[in-house]
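Colleague: Here you go, one structure.
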Amino acid sequence: MAKPYSEPPAVIVSDSSSQIQSWYQIDSELASVILDCRQGVPSLLYYGARLAAIGEHGLASFDRHEAPASPEKEPTIALLPDVTSGFLGNLGLAADTAEGWQIHPRLTSAELTESGLCLVAHCSTTGLRVTYELALDQTTGVLKLQCAVANTSEARLSLHQCAITQALPQHVERVLGFEGRWGLEFRQHNHSISTGTYLRENRNGRSSHHCPPALMVTTDHCTESTGEIIAFHLGWSGNHQMRVEQLANGRRYAQLGERFEPLELILEPGQSYQSPPVYSVHSSQELNASRQRWHAFVRNAFDAVAAMATRPRPVQINTWEARYFDIDESNVIALIEKAGGLGIERFVLDDGWFASRNDDRSSLGDWWVDKDKFPNGLSPIIDTCHRHNMTFGLWVEPEMVSPDSELYRAHPNWVLQHKNQEPILARHQQVLDLSQAEVFDYLLNAVTKLLTENDIAYLKWDMNRDLHQAGTHAGAHAHHRQTRAVYRLMAQVKSAFPNVEIESCASGGGRVDSGVLNYVSRFWPSDSNDALDRISIQYGVSSLIPAETMGCHIGPEECHLTGRRHSIAFRGGVAFWGHLGIEMDISSLSEIDQTSLASLIELHKYHRGLLHSGDSLRIDRCDSDSAWGVVTPNGLEGLFALAKLKSDTTVFPAPYRFLGLRADSDYRLSLIWQSDRSRHIKAHQEMIEAATFRGDFLMEAGLTLPIMKPESILIYHLAAVD
Ligand code: DGJ
């Protein structure tokens, strides 16, 4: 339980039964939060490394003297700055009410909760009530902030903005964000925080490939192993806005929230809006620590992920790049039988199994088995899986409909649309309006029927287009209600079938975020199985999700997206690091490749306990290499990779400086996987496996490396010897 500051500070507001302190300090093992309520609204004065109790004096020291030509008291950076507060940054709370737009919710009550604080504010003129919930995770120091806005007046109001605003320490200098596109997601960019605003707005209706809802602010020289960082994750899979701004007075803030269209969020009397949560993760040491804290938090705080903690993630095969739409009972059974021989544990039947779905132009919405391809239904397939000790997974895309489908012909009004406008098709499909009760019920019944009639362990829940014309049938903006309805649908499926695992896929990594994380336990980060591109995609996405939730597949030798060719040893060595899958036609593999694949699968299974629960690490290298690893929290065992990305101007790679080991322990090293089998690598292997190395040597001097070929990978296992 978080410990509120024990010496009671002055009480400043008490127009209700409960008293509100002028400030709060809440501590966890790693972090402290100081919340200032002196101006009648809560402002985050401090979120960072744990502090001893700061006292009234410490609080007062945050205040600055009057600046020339400025208000005597600087307007605070409130969690939801409103127009009346005098804040000159972007408003965090804005609404139009029957009484006008000058809303001024001021604190009326406060209650300490098990993990933090719940505050309530009320606007006496407009009847707007705001609830702030703050929770500080005791072990990881992750801060969760969430707000709700309720309309307690007699008239409707329009909410324009409800974005959580956090003051930043002035020593953070840079903002690290993500960009990308289909097939190349989670590229990191890095900008300095200076005059002006870093603003990312996502209007795609899903968390998107180009602007996933996460960013970090860091000190100037922040690397994997030095520097200070606060990472932000917005728990939302729809439209959003993320802003980092330096004000003219030098103060900085980050603001994250949902993005509304005009008149999108109308609150009738009695209705309320709940903002998505904003999670903040602080580390005063390095990027690695913030990533590890976030992963530990995800593993514990999100039920769908936590539920999997004791279940090994099965190695799976997916039919998509193996056969695309060319699937039927006999070729699927042949694939299952082949997969069983390779040690694969789950078979996933991807797109093409339903209605008349022979390409991507038809049948979405018609969620019954295609009797031409599968005349006996899915039972023979599922039975074959079970005979080969495999569970069965199925692809679905519930939110979509093809114009060429029985569903659309029967219900053309079930789609999102703009009045009198030609619908914009994307991937030949339209989006169902899930806010319509009949549509929602139809989808819930369809998914329920599939899960009831078939023994399905896993759903790959896809979503293959942006929302271009997001209007409901009733003529309202759909983005907000559509995202909420998708969550409701997933929640109802999960509650009826708690053991069914759901994977979030949206044309690859278009829906990777901490909103959908409440329901899913796996993500598909990209449609590109190009092992070289995957290295940076996996690097980027690992800032958002832990390894066991990151689908990593070994694709065909020639990548279908990039045309680049890689050996199975390289592809396998890269895919090894997440939740392993195979996505290629294994019936056409050479004997040698089959043997390689089977041994990689065996190796992954042997090490997946560590891969899927350990502390993830990235190691700073020059840009022609990439290095990463995972260690047990006690540092006694680890797995590390070095990938050579491209040719370098120096002949030898720089020594490998391991991280996360115990300086005073001796380690036995083994090279457990290599895609480059040159004599140099062989000699290197003999050298490292002949002796033990102390942790301080491995971390400080580093391991001398052999010359490596571009696009090759080495994987080391390290274990401390007693
Ligand atoms: C997009 C996904 O990302 C792919 O893996 C595959 O499932 C296709 N959709 C199927 O249509």
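The values are calculated or read from the model by the stated rules, or taken from the named source; none is laboratory data. Computed from a predicted structure; not experimentally measured. For neighbour counting, all protein chains shown are included, and Cβ atoms are generated from backbone atoms with ideal geometry for every residue, glycine included.
Colleague: Output the residues belonging to the range 490-508 that are of a type in the set (A, V, I, L, M) and either touching a Leu at 6+ places or on another chain (Cβ under 6 Å) or more than 23 Å from Glu258 (Cα to Cα) (or both).
Modeller: Val493, Ala496, Val500, Ile502
Colleague: Looking at (1) buried (at least 22 other Cβ atoms within 10 Å of the Cβ); (2) over 20 Å from Ser237 (Cβ atoms), can you tell me which one Asp433 breaks?
Modeller: So the condition that Asp433 fails would be (2).
Colleague: Test Asp533 against the stated conditions and say whether it is in a helix (DSSP H, G or I) and acidic (Asp, Glu).
Modeller: Yes, satisfied.
Colleague: Filter the range 25-34 down to the residues that are under 16 Å from Cys118 (Cα atoms) and either in contact with a helix residue (DSSP H, G or I) (Cβ under 8 Å, 6 or more places away or on another chain) or surrounded by fewer than 24 Cβ atoms within 10 Å (Cβ to Cβ) (or both) and list them by number.
Modeller: Those that are under 16 Å from Cys118 (Cα atoms) and either in contact with a helix residue (DSSP H, G or I) (Cβ under 8 Å, 6 or more places away or on another chain) or surrounded by fewer than 24 Cβ atoms within 10 Å (Cβ to Cβ) (or both): Ile26, Asp27, Ile34.
Colleague: Going through His233, His171, His282, His209 one at a time, which residue ends up being in the same structural domain as Leu145 (by TED's automatic domain parsing), more than 27 Å from Leu136 (Cα to Cα) and in contact (Cβ under 8 Å) with a residue 12 or more places away in the chain?
Modeller: Numbers: His233 fails: more than 27 Å from Leu136 (Cα to Cα); His171 fails: more than 27 Å from Leu136 (Cα to Cα); His282 fails: more than 27 Å from Leu136 (Cα to Cα).
Within the list His233, His171, His282, His209, the selection yields His209.
Colleague: Inside the range 501-524, can you point out the residues that are within 16 Å of the ligand (Cβ to nearest atom), in contact with a strand residue (DSSP E or B) (Cβ under 7 Å, 6 or more places away or on another chain) and hydroxyl-bearing (Ser, Thr, Tyr)?
Modeller: The answer is Ser504, and nothing else.
Colleague: I've got another one for you. Of the residues that make up the range 525-532, is at least one charged (D, E, K, R), within 14 Å of the ligand (Cβ to nearest atom), closer than 27 Å to Arg203 by Cα and not assigned by TED's automatic domain parsing to the domain that holds Phe178?
Modeller: For the range 525-532, residues charged (D, E, K, R), within 14 Å of the ligand (Cβ to nearest atom), closer than 27 Å to Arg203 by Cα and not assigned by TED's automatic domain parsing to the domain that holds Phe178: present.
Colleague: Tell me the strands (runs of 3 or more DSSP E) entirely within the range 254-322 that contain at least 1 residues that are within 16 Å of the ligand (Cβ to nearest atom), touching a helix residue (DSSP H, G or I) at 6+ places or on another chain (Cβ under 6 Å) and not acidic (Asp, Glu).
Modeller: 316-318
Colleague: Being within 24 Å of Ile456 (Cα to Cα), modelled with pLDDT of 95 or more and not assigned by TED's automatic domain parsing to the domain that holds Gly235: is that true of Ala569 here?
Modeller: No; evaluated as a whole, the condition is false for this residue.
Colleague: For the range 457-480: of the residues being within 16 Å of the ligand (Cβ to nearest atom) and in a loop (DSSP other than H, G, I, E, B), which is nearest to Arg259 (Cα to Cα)?
Modeller: Filtering the range 457-480 for residues within 16 Å of the ligand (Cβ to nearest atom) gives 458-466.
Filter once more, keeping what is in a loop (DSSP other than H, G, I, E, B): 462-466.
Details: Asp462: 23, Met463: 20, Asn464: 21, Arg465: 19, Asp466: 15 Å.
The extreme case among them is Asp466.
Colleague: Next up: Residue by residue through the range 336-373, note down the ones that are away from the ligand (no atom under 16 Å from the Cβ), surrounded by 16 or more Cβ atoms within 10 Å (Cβ to Cβ) and closer than 20 Å to Ile586 by Cβ.
Modeller: Within the range 336-373, Ile336, Lys338, Ala339, Gly340, Leu342, Gly343, Ile344, Glu345 qualify.
Colleague: Based on what the data block shows, is Thr483 away from the ligand (no atom under 16 Å from the Cβ), more than 28 Å from the chain's Cα centre (by Cα) and in a helix (DSSP H, G or I)?
Modeller: Criteria not met by Thr483.
Colleague: I would also like to ask the following. Test Ser599 against the criterion of being more than 24 Å from the chain's Cα centre (by Cα), modelled with pLDDT under 95 and outside the structural domain of Leu287 (by TED's automatic domain parsing), and give yes or no.
Modeller: In short, no.
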